[in-house]
Every structure is written in structure tokens, then in C-alpha cells.
1. Kindly indicate whether any position in region 107-130 is assigned to a loop (DSSP other than H, G, I, E, B), at pLDDT 80 or above and either more than 29 Å from residue 249 (Cβ to Cβ) or touching a strand residue (DSSP E or B) at 6+ places or on another chain (Cβ under 8 Å) (or both).
2. Only one of these is assigned to a loop (DSSP other than H, G, I, E, B), out of contact with any helix residue (DSSP H, G or I) (no Cβ under 8 Å at 6 or more places or on another chain) and closer than 30 Å to residue 115 by Cα: 220, 282. Name it.
3. Among what's in region 696-723 and is buried (at least 18 other Cβ atoms within 10 Å of the Cβ) and touching a residue at least 40 places away in the same chain (Cβ under 8 Å), pick the residue that is nearest to the chain's Cα centre (by Cα).
4. Could you please let me know if residue 533 is at pLDDT 95 or above, assigned to a helix (DSSP H, G or I) and farther than 16 Å from residue 441 by Cβ?
5. Would you pick out the residues in region 670-686 that are under 33 Å from the mean Cα position of the chain (by Cα) and surrounded by 19 or more Cβ atoms within 10 Å (Cβ to Cβ)?
6. Condition test on residue 258, is it outside the structural domain of residue 190 (by TED's automatic domain parsing) and surrounded by 18 or more Cβ atoms within 10 Å (Cβ to Cβ)?
7. Report yes if residue 50 is buried (at least 18 other Cβ atoms within 10 Å of the Cβ) and modelled with pLDDT of 85 or more, otherwise no.
């Protein structure tokens, strides 16, 4: 049968047997033997070579192969090399949908579609690729090829692409004696054999793009899925690969994974233990699978016992250790670490000292005592290896298990690097606080450690943006300083953060930070630190409406400053004490305390403090019903605040003046004054005071009979107050509802 077909096509084209031999690589003797053959089954690879030589395509090619081989697929042997499908697969809905979408493109008359699936160790790249490949296998009648390239193998034996090609060609029925020795020649033959076939190629655990390129099919209809811990940006750039980066499972997906392994009855019975296990495993699929395997092997054990094992282990990694290198988290992470350059490896280890949740290149530069440019380059290398994630532009994060792994290896460099890290945040926060509030009390800091490069902030918006981005980090850094015994950094960092935390109404965070600061200052026996921490606690509690507690802290601060003869400290404590007293409805006492503050500020020559006292006196007089005198004091405060350039003081004083004009029934003046305050507070981005002032502005409009203007002001106030969780939000909401 084959002989008749070959002779017919050869004569149609006017070729001799020698011509056909030259076009196929089959010897003339072999061609003669084929044409003499009427029975038996020929080699499929020979049939395909002949079909290609005759220029047959599409249905003509299929018909030729089917007739020659007597096989409806056109191939006597179809490789099916995929590993077993994962027994329990959950989540990854978006990634599966993306791969399905690319599958539709694989049939188009274009180059093979390549999907590069990357992600950190244990994230589930192979599981996703194999699961999807089994799902899609029916679309590839030409077969499925699979190879583990061992790019991150504990043995370090990375598969040579020439070796992988030899395996693939053998699976595609190419005789061993026809497989050339060189990489390029093998790759060319591989692409020729795949031509006209629909084959799925899974290249698992690739080291880099160079290892992958020779293994990619080059014909329409084929589909390659590549997994790697490397981002494989080279494939995206030069091979038009479609990248997928896997993230940690969501909490629901992690719960689903445990349920699929252990059964719904078991996970439903112990929801708290399941949540604890998910948190301890950082939602990393491999870690969850290890715990699930242990739980499945001990069906009588409560999940709470397994959660307790993870909780009481020296580190979570101890609780996830095992004898199998493929599932021991330390071993798995180490395979990625081995691929790093020495400098990147050092930075990775030092990142374990950072408390998180994320870090900038500038902070990493101080941590490792490198320049900013080198730090960015090293972070890029770590991100390329998926040991860190650049989750937003310029900010890098490690999940908890990788952080624990890195920290275990950094202990020999712990103290110097931690000192540099704390210096970085302290010096930058102190500078940012001065930009936010030029009158903010300047801390005299010791020189930073060599290699520390604080971030350069050159205006108020930049300072506010820095604090906003770093606020969770700063909270963690203060706690880290407490754990590491850097007591001076604790109270200094807490004070440097106070202005920002007050503006954004992060009062619980400020109280927690200042409580740590107070304990640290007591351990140091440092009166200055104690005074700052006591006043910081008074500020946060007073702003939260806990005036009696605030009064106690201000009294203690006043006593501390009095013992050491600090006049400015005494004056500032008096200002805070007056606010606490006033908040408890004692305006006459608050007036006396504020007048004492004024005298102390004048003695110390602090004009900004003098202006603050004048405004405080004006406010107290207004509460006592002496509005005209109150207005006079506030007017004098405005003049001084303008002279010293204190925008915060101006805003607060315009608010006081608006309040007094409202009490006097001069609503037009009151509205104008509040609007001045609102404009300044917008510029300062002081959400806490802005919401309160807008609410007061709405009250004035309402008192003046301007219901529409009142509603607009209250609506804007409510948006701000809700954003910061301010207690004034509910009364404003009630006013809006009442119309």
C-alpha cells in the first residue's frame, strides 16, 4: 500500500528515487525497499517524512498517513508522557481560564503558543500545569510530551536540553540512529517531526529561558507550557510567551485544599484549627499539602493538635520539616537560593531580619549597606527567582515562610544589619515629620550607622506619601526594636510617627506604639524619652475622647519635665493638660493651665508655642462665654502663626475663630473662617481635624438656614470621618438622615 502511494506521488512530481531520497534523508536503497513494500506496517516517522517531502498539508497529509498506516489518527504511536493528574486540585480559576483562552489560539495558523507559568517554590506550578494538561489533552491528538528539566533540583543535575530532545525524539518514533548528536541539529529535527501535528509539550521546572528555547515547538497547532521559579522574561521578550505568575492561595482556596484532602466533615468540625493551620502555612500550597498528609495519616488526631504542633515548633519551618527533600520546605527553598549570586544571596538572608510586610529598595540598601542602584539590581534578581514579590511598584514582600527561612540564616549578621535598618526608618521618619509639620519638635539623633542612606524627601506631599506607604512597616519596626533591645530607637521612632498617626486618626496604633516607647524610656532611665512617650499617650487618648486618662499622662509628663527643669517640656505638657481638662468640662481650670503654658513659652522664647497658647486661651474664653476677648486672643495667635509659618496652627486657630463667630451669630464670618481652616487642612492632608471642621461648617450652614449647604458639608465630613473611623461620624450621619 505504501509503495503504491509513494510511486504515485513521486511520478506526479516527476522525481526520481534519488530525488526523493535527497529530500527525505532516507537512502536510495530505502526508497526502493519502500516502493516494493505491499504488506506490513511502516515506521510512522518514515511516513511523516515522505508526506513532508511531497509537500502534503492538512487533510491531504492526514489522508496519506491514514492510508499508509491504516490508523485514523495518522500515527501508529501517540506519546502520552504526562504524570498522573493531581488527586485534589482547587482554585486557580483565573489561571485555568487564561490557559483555556490560549488553547483556542493554538489552532490558529501562527507560531506555537507558549505559556510560561512561574512562581515561588511550593506555589503549585507543576500541579497547575499537569492538571490543565490532562484537561486539555483531548485537543492534542498528536500526543503529550513531558519532561522535568530539574532546574531547581536538590541534586543540582539540571537536564541538558540536548538530552531532553533525545527523549522527545525517541517518544516521537525517531530511530536512535537518525538522532543527530548536536543540540541545534536535534532541535531542527524535533521541529520537523512536530510539523503538522497537534502536540502538547509540558516543560516543567525550567532553570532559565536558554534551557527552554530548543525544546519549544515551532509549528501552528502545538502548545508549550513551561513552569519555572524564574520569571523567564526572556521567553516573553523573544518568544512571545504568555506569562502567568502564581500567587499564594486565597484563604478560601486554602480551606478548599484542606477539605479536598481531609473531607468536609473533618474541616467543618474544627474551623478554628483550620484557620490556624492556613495562617501558619502562609497559604502556600506545598506547606498545606504537607500538613494535610500528616493529618490524613492520623485520622483520629484532632486538627487542633496539628495546629498546636505548628504553633509550638521553634519556627513554622520546624513544623513542616520531613525526611523527603521534595516536601521539606527548607530543602525546597534552598534549591532556589542556590541559583543566586553571592550578593543577592546575602540580601535575601538579611531580608529575613525585616519585620515586613514589605520593603523598598532604599530600605534594602540601608539594611545591606549597599548603594540604592545595587539594591534595586539585587531585588530584581530575587524577584526574578521568585524569592520575593514586587507586589506594587517599588515595594517588595516575602511570604512568612520564606521570611522565616531567610531569617534562620541571617543570625550571624543580625545586630549590625538590624541597627542599620532601624536607623534608616528613624532618620527618614524624623525628616518626614519635619516636612509634615515644620514646627514639630526636632529630635537630636545619634549619627546613623555606616551604610545607612535615609530616603530623600523634599516636600510635604512626599513626606505624607512616605508615611502612608510605610505605616504598617513602621509599626512592625517599633515592635522589632522592642524585641531586639534597641530602646532608644523605640521612643524616638514612636515620636517621629506621632504627627502622621494623629493626622490620619490611627489612634490605637499610636497608643500601642507610645506604650512600647514609655517602657523603653523607663528601661533607659531617659527623662526626655519618658516625656515624649507620656505626651504621645496623652495626645492619642485625648483625641479618642478618653480625657481622664489623657489628663493622668499629661500630669506625669509635667512632673518628669519639672524634675529635670525642662521649661519647654513643661509648657507643652501644660497645653496637653489644658485640652484634657477642657474635654472634661472644666474651662476655667483649662484657662489657668493654658495661661501658665503661655508664660513658660514666652520665657523659653518659643513663638510658635506662644501662638498655640494664645489660641488655647481664646478657645477657653469662648467656652466661658467671653467671646469678644476670645476672638482677640485668637486674632493675636493668627498673626504669630503667620510669622512663624505654622500651617497647622493657622488651621486650628481659624477653626476656633469660626466657632466663636458662630456663637456670636455672625454666620457669614463663621463660614468664611471655617472655610479657611478647611482649605488649610486639605493642604495638610489632616483627615482627623478636617472631618471635624467640615462637620462644624455644616452646623453653621444649618444654623444660618442654608440646608443644602449644610447637607453638602456634612456629606463631605462623613466621608472623611468614616475613612478614619472618627467617633464624630455617627452624629453627623444622624444629622444627614434628619435632613
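The values are calculated or read from the model by the stated rules, or taken from the named source; none is laboratory data. No experiment lies behind these values; they were computed from the predicted model shown. Quick reminder, even Gly has a Cβ in these numbers, built from the backbone with ideal geometry, and neighbours come from all protein chains shown.
1. yes
2. 220
3. 696
4. no
5. Within region 670-686, 681, 684, 686 qualify.
6. yes
7. No, not satisfied.
Residues are listed down the side, and each one gets a yes or a no for (1) within 42 Å of the chain's Cα centre (by Cα); (2) assigned by TED's automatic domain parsing to the domain that holds residue 233; (3) closer than 18 Å to residue 51 by Cα; (4) surrounded by 21 or more Cβ atoms within 10 Å (Cβ to Cβ):
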site	(1), (2), (3), (4)
161	yes, yes, no, yes
165	yes, yes, no, yes
186	no, yes, no, yes
194	yes, yes, yes, yes
205	yes, yes, no, yes
208	yes, yes, no, no
219	yes, yes, yes, no
